[in-house]
Amino acid sequence: MKTRKQKTPVSKRAPRRPAGNGAARRRAAAARGKAAPATAPESDREEDGALVLAADCTVVQADTLKSELVRRVAESGPVAVDVSALQRIDTAGLQLLAAFARDRRTAGRAIEWRGRSPALDAAAALLGLHDMLELAGEVGR
């Protein structure tokens with residue numbers, strides 16, 4: 001009677017390495033909690049307290065952006081949001097900005113958009129959020 005060779009238990013197998021593509025590296029960095037913030041560091045903020053969005057505003061940075069927007073949603077005066085550095089935004093980032101704009105409008109408070117971002121304009125137009133966000137200029141530029 002022959003005996004079967006035992007398989008190596010899962011716990012003793014070598015750990016999988018992330019693939020070399022960018023998406024896998026971003027997911028791995030997000031899992032480790034080393035994602036870039038969605039807002040610029042304190043030193044990059046304007047003196048008047050404007051919220052300066054970073055170049056990337058994606059699902060990876062959503063927690064940081066959400067906490068910053070929640071902190072500012074109840075401010076009494078207009079909240080200035082500088083989007084001039086924004087180069088990439090995804091649906092998660094747009095959802096957060098749309099919810100922020102909706103909550104501010106419901107409370108009768110304004111948002112002052114500073115700068116222009118072709119990425120924001122294109123994504124907002126694609127998802128039909130241009131009017132809701134009250135962005136200046138033409139839809140679909």
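The values are calculated or read from the model by the stated rules, or taken from the named source; none is laboratory data. Note that this is a predicted model, so its numbers are computed, not measured. Don't worry about glycine lacking a Cβ; one is built from the backbone with ideal geometry, like all the others, and counts go over all protein chains shown.
Annotations
- Condition check for Arg88: surrounded by 13 or more Cβ atoms within 10 Å (Cβ to Cβ), of a type in the set (Lys, Arg) and modelled with pLDDT of 95 or more: yes
- Within segment 113-133, considering residues that are surrounded by 13 or more Cβ atoms within 10 Å (Cβ to Cβ) and either of a type in the set (D, E, K, R) or farther than 20 Å from Asp56 by Cα (or both), the one nearest to the chain's Cα centre (by Cα): Asp121
- Criterion (touching a residue at least 12 places away in the same chain (Cβ under 8 Å), surrounded by fewer than 19 Cβ atoms within 10 Å (Cβ to Cβ) and not acidic (Asp, Glu)) met by exactly one of Ala101, Ala55: Ala55
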